[in-house]
Amino acid sequence: MPTYQTLLFDLDGTLTDPKPGITRSVQYALEHMGIDEPDLERLIPFIGPPLTESFEHYYGFGSSKARKAIHFYREYFASTGLYENAVYPGIPELLAGLQQQGLLLIIATSKPTTFAQQILEYFQLEHYFTLIVGSNLDNTRTSKTEIIAHILNEYPHRSKQTTVMVGDRKHDIIGAQNNQIDSIAVCYGYGSQAELERANATHFVQTVNDLSQLLQG
């Protein structure tokens, strides 16, 4: 296995458990779109993928309707949902250890960059990361392929062979493959084992401790 020097981390489902905040934000958006969805468990698939994709796929919204739903989603998320979140146990220790080894740590998330920054600051994790890259508020650069490509362009002299994407959904794995870098699928997040296996990740880990052992040796 290569010794990875550049580590790209997804945020939701990889570093933090955002389930309450995201599902309630989606519920709020649907309510304002005239849809009553009392079961938050049904909204779990919204964790990870770009919101436009999810509103279109799960509720049949067209692009303009999806944009309107995202406006309502952010209305709740920016004031409340952002903080209805929790860091997975062991993550701060993992990040500290990787930073002490001199590795380059970067956030690669489909969440808007500004929200990712606020979450990392709130949980006092931002100082571990040299760069935080997410989507734009105008709903551009939402795919993991685009986000990872942007990061790689920022560091043209760093080897792709020693760069890896760590994430919990197929979008993370596919984005890594499309940019010719390795991937680590974390199975403690919101992607099923079957989803991650179909995406054909380079490595699979079941726990934060497993991730630590893989990255730190």
Review point. Under a point spin-label approximation (7 Å from Cα along Cα-to-Cβ), what is the Gln100-Thr145 distance to one decimal in nm?
Key: 4.0 nm
Check your understanding: Could you give the radius of gyration (one decimal) and Dmax (whole number) of the Cα atoms in the chain, in Å?
Key -> 16.6, 51
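Please give the contour-minus-distance gain from Gln124 to Lys65: 0.36 nm per residue of separation, less the Cα-Cα distance, rounded to one decimal in nm. Walk me through the numbers on the way to the answer.
Working: separation 59, 0.36 × 59 = 21.24 nm, distance 3.55 nm.
Result: 17.7 nm gained on full extension.
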Point to revise | For Thr16, distant residues with modelled amide H under 5 Å away | key: Tyr88
**Study point:** Using θ = phi - 60° and Karplus 6.51 cos²θ - 1.76 cosθ + 1.60, couplings along the range 95-103 (whole Hz; Gly, Pro as x)
**Key:** 5, 4, x, 5, 5, 5, 7, x, 7
Exercise for review: Can you give me the P(r) profile for the range 116-217? Cα pairs, bins 10 angstrom wide beginning at 0, each as a whole percent.
Suggested key: 14, 41, 40, 5, 0
**Study point:** Nearby lysines by direct alpha-carbon distance to Lys19 (threshold 26 angstrom, same-chain neighbours under 8 apart not counted)
**Key:** Lys65, Lys68, Lys111, Lys144, Lys170
**Study point:** the range 170-217-the range 50-124 distance, computed between alpha-carbon centres (Å)
**Key:** 18 Å
Revision key, fill the gap. For Val166, other-chain or 5+-apart residues with amide H closer than 5 Å (H placed, Pro excluded) are Leu8, Phe9, Asp10, Ile184
Practice item. Among the aspartates and glutamates, select those whose C-alpha is under 12 Å from the C-alpha of Lys160, and discard any that sit fewer than 8 residues away in the same chain. Key: Asp182
Practice item. Report, in debye and to the nearest 20, how large the dipole of the chain comes out about its Cα centre when Lys and Arg carry +1 and Asp and Glu carry -1 on their Cβ. Key: 480 debye
Exercise for review: May I ask which residue of Ala199, Leu152, Tyr4 lies farthest towards the positive end of the charge dipole of the chain, with charges of +1 (Lys, Arg) and -1 (Asp, Glu) on Cβ and the Cα centre as origin?
Suggested key: Leu152
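Note down the magnitude of the dipole of the range 3-85 about its Cα centre, charges +1 on Lys and Arg C-beta and -1 on Asp and Glu C-beta and zero elsewhere, to the nearest 20 debye.
Numbers: 7 positive and 12 negative charges, 56 e Å.
Dipole about the Cα centre, nearest 20: 260 debye.
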Point to revise | Charge-dipole axis of the chain as Lys and Arg at +1 and Asp and Glu at -1 on Cβ define it, positive-most pick from Gln117, Gly134, Ala96 | key: Gly134
Review point. Any idea what the relative contact order of the chain is, in percent, if you count C-alpha pairs under 8 Å spaced at least 6 apart?
Key: 25 percent
Point to revise | Karplus-derived 3J(HN,Hα), 6.51/-1.76/1.60, for each residue of the range 78-90, Hz, glycine and proline x | key: 5, 9, 9, x, 4, 8, 8, 7, 8, 6, 5, x, x
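Each value in this text was obtained by applying a stated rule to the coordinates, not by laboratory testing. Nothing here was measured: the structure is a model prediction, and the numbers come from that model. Every residue, glycine as well, gets a Cβ built from its backbone with ideal geometry; the counts of neighbours run over all protein chains shown.
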